[in-house]
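This report refers to the structure that appears directly beneath it.
The values are calculated or read from the model by the stated rules, or taken from the named source; none is laboratory data. No experiment lies behind these values; they were computed from the predicted model shown. Neighbour counts run over all protein chains shown; Cβ positions are idealised from the backbone, glycine included. Just the protein is used for accessible areas: all its heavy atoms, side chains included, with ligands, DNA and RNA removed. Shrake-Rupley method; radii C 1.70, N 1.55, O 1.52, S 1.80 Å.
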Amino acid sequence: MTQDVEMKEVPAAAPSNSTTAPATPSTLNRKHAPSISFSLTVASLLGFRFIERFGSRFPGLKEIASLIETGAYAREMRRIVRAVRHTMTLRRKLKPSVLSPFLAFALSPGSEPFNRLNSYLPKEDEHEMEVDTATSVTQAPAKHPLPELEVYCSLLVLIFLIDQKKYAEAKACSSSSVARLKNMNRRTVDVLASRLYAYYSLSYELTGDLAEIRSNLLALHRIATLRHDELGQETLLNLLLRNYLHYNLYDQAEKLRSKAPRFEAHSNQQFCRYLFYLGKIRTIQLEYTDAKESLLQAARKAPVAALGFRVQCNKWAIIVRLLLGEIPERTVFMQKGMENALRPYFELTNAVRIGDLELFKSVAEKFSTTFSSDRTSNLIVRLRHNVIRTGLRNISISYSRISLADVAKKLRLDSANPIADAESIVAKAIRDGAIDATLDHANGWMVSKETGDIYSTNEPQIAFNSRIAFCLNMHNEAVRALRFPPNSHKEKESAEKRRERQQQEQELAKHIAEEDDDEF
C-alpha cells in the first residue's frame with residue numbers, strides 16, 4: 001500500500017549522486033509546499049551529510065537515518081514506519097563496531113543519552129571507537145539531535161542487547177529509555193515508541209520479572225490515551241493483556257479490555273495480537289463461539305512470516321472447535337511448517353472424532369508436557385465430556401436400540417457404577433439435543449429415533465446465511481484496511497473536472513467538424 005502512496009510524489013528535477021533522493025512535496029499539496037520546503041531541505045542535507053561521511057561503513061543505517069530525519073521534519077509517519085521495517089532486516093548485522101560510531105553521529109558525543117547508550121556496548125575495540133568518535137566530533141558535532149533519532153538509537157541498542165542475551169543490561173537500557181519517552185510528546189515518535197514498549201516488555205519477560213512493570217505499563221497507557229497516541233494505546237493494551245494472561249489473571253484482563261478505549265486498528269500486527277488474546281479470554285470464559293471467530297481471524301490476518309504466532313492461534317482454535325463439537329479438517333494440520341507442531345493436536349482430534357475415551361487418555365498423557373507448555377491442559381480436561389458425547393452420538397447412529405450396560409462398555413466407563421453413569425450421560429445428551437433418542441428406564445434401554453431429512457429443516461439456510469455474512473464482513477474489513485494517499489478526495493474532484501473538460505472539448509470538436517461538413 002505504501003508503494004501506491006509513493007507513486008503520487010514527483011521526483012526531484014535535479015539528479016543527485018546520493019543514494020537517497022530528497023523528498024519533494026506531493027502534487028496534491030502544492031499550496032503547502034513553501035511552508036515545509038525549508039524543513040525538507042534541512043532533512044535532506046542532514047541525510048546527505050550522514051551518507052557522505054558514513055556511507056561505506058553503514059550500508060543500511062544510512063538510508064534509515066535519512067528516512068527518520070526526513071519524516072520527522074516533514075511529519076510523515078509513513079517514512080518512519082518504513083525506517084522501522086528496514087531496521088528489522090538489518091537486525092543480524094548490528095555489532096558494536098557499527099553501533100558505536102552511529103551513536104557518535106546521531107547523538108552529541110559527551111551528552112547524557114550518548115554516554116548512557118554507549119555504556120551498554122562492549123568495549124572490545126575501544127581504541128578504534130575512540131578514534132572514530134574523535135573524528136566525528138571534529139567534523140560536525142550534532143548540537144541539537146532529533147528526539148526521533150535518540151529513540152531510534154535506544155531501540156537499536158536494546159535490540160542488540162536482547163539478541164546478545166544480555167537481559168540485565170537490556171532491562172536497564174529499556175527502563176531508562178522508557179523514562180525518557182514520558183517527556184516526549186511528538187507524534188513522529190509514536191511509531192518508534194511503540195516498538196520500544198514492546199522490547200521493554202520482552203526484556204522483563206525473558207528474565208521472569210513481567211509483574212514488575214505492570215503498573216508502569218498502565219501509567220504509559222494512560223499517558224498515551226491523554227496524548228491521543230492511538231498506536232501506543234494499541235501496543236500497550238496488548239502488552240498489558242499479555243502481562244495479565246502470563247499470570248492467568250483472565251478476569252483482570254477482561255476488565256481492562258472492556259474498559260479500554262477502542263478505535264480503528266492502525267497496525268495489523270497489533271490487531272492480530274489483540275484478537276489472539278481476546279480469543280484466549282473468551283475460551284476461558286466458556287464463550288467458545290466468539291473465541292473461535294477471534295482465533296481464526298487472528299490466524300488469517302497474521303503475516304506469513306509469523307509462523308510461531310500462527311501455530312499458537314491454530315492450536316487454540318483446534319481446541320475451541322473440539323469443545324464446540326466440531327472436528328477440524330485434515331488440511332488444518334497439514335499446513336506448511338506446522339505439521340510437527342500440530343501433531344499432538346492431530347492425535348487428540350482423532351481420539352475425539354472416534355469417541356474412544358481410552359485413546360484420549362493415552363494421548364493426553366503422552367503429550368502432557370506439550371500441552372502444559374502451550375497452557376492448554378485445563379482445556380483438554382474439558383474435552384473428556386466431548387469425547388464421551390461423540391462416542392454416544394456414534395452409538396445412537398449405529399444402533400436403533402441398545403442397553404445401558406452395552407453403552408457403558410462401549411464408552412469404556414471405569415467408574416464404580418458404570419450403568420448409572422451411562423444413564424445420566426445419555427439423559428443429559430438427550431436434554432442438550434446432542435442425540436435424538438429416548439430413554440427407557442424400566443428396561444434399561446436407549447432407543448434412537450430415525451434420522452430425518454436435514455434439508456427439510458432450516459439448518460441449510462442458517463449455514464448459508466453464516467457463510468454469506470462472513471464473506472460480507474471480510475469484504476468490509478478489506479475495504480476499511482485500504483490506505484489512500486492524502487487529499488485523495490481533491491484528486492478525485494480534479495479527475496472529474498478533467499473528464500468534463502475533455503467531454504466538452506470533444507463535443508466542441510464534433511460541432512466544428514459538423515459545421516465544416518455542412519460548408520463543404
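Some notes on this structure:
- Think of segment 388-458 as having a plus end and a minus end, set by charges on the Cβ of Lys, Arg, Asp and Glu; of Trp445, Ile435, Ala422, Ala422 sits farthest toward the positive end of this dipole.
- Taking each residue as 0.36 nm, the span from Asn394 to Gln164 lengthens on full extension beyond its C-alpha to C-alpha distance by 77.3 nm.
- Trypsin sites (Lys or Arg not before Pro) within segment 409-476: DSSP coil, no more than 12 neighbouring Cβ in 10 Å: Lys449
- Over 22 Å between alpha carbons, listed pairs Lys93/Lys165; Lys171/Lys315; Lys95/Lys171; Lys95/Lys182: Lys171/Lys315; Lys95/Lys182
- Segment 212-279: C-alpha gyration tensor shape, a/c 1.5 cut-off, then a/b vs b/c: oblate
- Once the Cα-Cα distance is subtracted from the 0.36 nm per residue extended length, the Thr457 to Glu112 segment shows a gain of 116.8 nm.
- Kirkwood hydrodynamic radius of segment 291-398, from the reciprocal of the average inverse Cα-Cα distance over all distinct pairs: 14.2 Å.
- Residues Trp445, Trp316 ordered from highest to lowest accessible area at a 1.4 Å probe: Trp445, Trp316.
- Theoretical FRET efficiency, 1/(1+(r/R0)^6), r = Cβ-Cβ of Leu218 and Asp436, R0 45 Å, to 0.05: 0.30
- Solvent-accessible area per residue, Å², over segment 255-302 with all protein chains present [probe radius 1.4 Å]: 50 Å²
- Averaging the Cα positions of each part gives two centres, and for segment 245-267 and segment 331-394 these lie 29 Å apart.
- Label-reachable residues, segment 337-381, where backbone N falls under 17 Å from a point 7 Å from Leu307's Cα toward its Cβ: 337-344
- Spatial extent of segment 369-479: Rg and Dmax, with the Cα atoms as the point set, Å: 19.2, 62
- Estimated distance in nm for a label pair at Arg330 and Arg480, the labels positioned 7 Å out from Cα along Cα-to-Cβ: 3.8 nm
- Shape summary: segment 162-265 maps onto an equivalent ellipsoid whose semi-axes, from the alpha-carbon gyration tensor, are 21, 19, 10 Å in decreasing order.
- Distance from segment 87-110 to segment 221-242 (C-alpha centre basis), Å: 28 Å
- Rg ratio (alpha-carbon, reference 2.2 N^0.38 Å) - segment 342-416: 1.19
- Subtracting the Cα-Cα distance of Arg401 and Asn340 from their residue separation scaled by 0.36 nm leaves 17.8 nm.
- Segment 379-385 - phi-based ³J(HN,Hα) in whole Hz, Karplus 6.51/-1.76/1.60, Gly and Pro as x: 6, 5, 4, 5, 6, 4, 5
- In segment 328-432, GluC sites (Glu not before Pro) in a DSSP loop with at most 11 other beta-carbon atoms within 10 Å: Glu329, Glu339
- Candidate residues Tyr399, Tyr250: accessible-area rank, largest first, probe 1.4 Å: Tyr399, Tyr250
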